[in-house]
Amino acid sequence: MTDKRLRVAFFASFFFVGFVLGPSFAHLLELPNKIGLDRDAYFTVQAIYSGWALLGVPVLAALLATLVLAVLLRAQRPARRWAAVAFVALVATQAIFWTFTYPANTATENWTVAPENWEALRTRWEYSHAVAAVLNMVALLALASAALTRWRDATE
């Protein structure tokens, strides 16, 4: 394995995980202000997320880059473990999205239709994003740990 491929994999992983952490963390920060809004205000605010499905592209890139990084680190056990933790955290965000967030989006037709259980769907949507934000942060911290572990091991 060339050192250049590893540097590119680290860079790509950091870039894309950092990229998806931004909007994810924004969801976490806005939760306290949005969770108590009445129906009309909540649905008005939700309109700002129109087009956010495009974030699926950097999410897939983050998953792929982090998986490649873990594979490239296969001979460096401590660093590989941290890269694997990052990858598993990213996979967990997807499990949460498809289990909790996406069904709420579907039931509300992307927050344009208010079904009777809209408040339960709002709670599910908001808290699923909050958990995903924490997992994205775990992924970023695990990548940092992988990089630091790799650097420490290379200098010893």
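Since every read-out is calculated from the coordinates, none of them should be taken as a lab result. None of these values were measured; they are calculated from a predicted model. Virtual Cβ from ideal backbone geometry, glycine too; neighbours counted across all protein chains shown.
Some values worked out for this structure:
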{"item": "Charge dipole of the chain about the Cα centre (unit charges at C-beta), most positive-ward option of Ala114, Gln94, Ala142", "result": "Ala142"}
{"item": "Region 127-138 - phi-based ³J(HN,Hα) in whole Hz, Karplus 6.51/-1.76/1.60, Gly and Pro as x", "result": "6, 5, 5, 5, 5, 4, 4, 4, 5, 5, 5, 4"}
{"item": "Percentage, to the nearest whole number, of Cα pairs in region 3-155 over 18 Å apart", "result": "58"}
{"item": "Distance between modelled label sites at Val113 and Val45, nm, 7 Å Cα→Cβ extension", "result": "2.4"}
{"item": "For region 1-76 and region 100-156, distance of Cα centres in Å", "result": "8"}
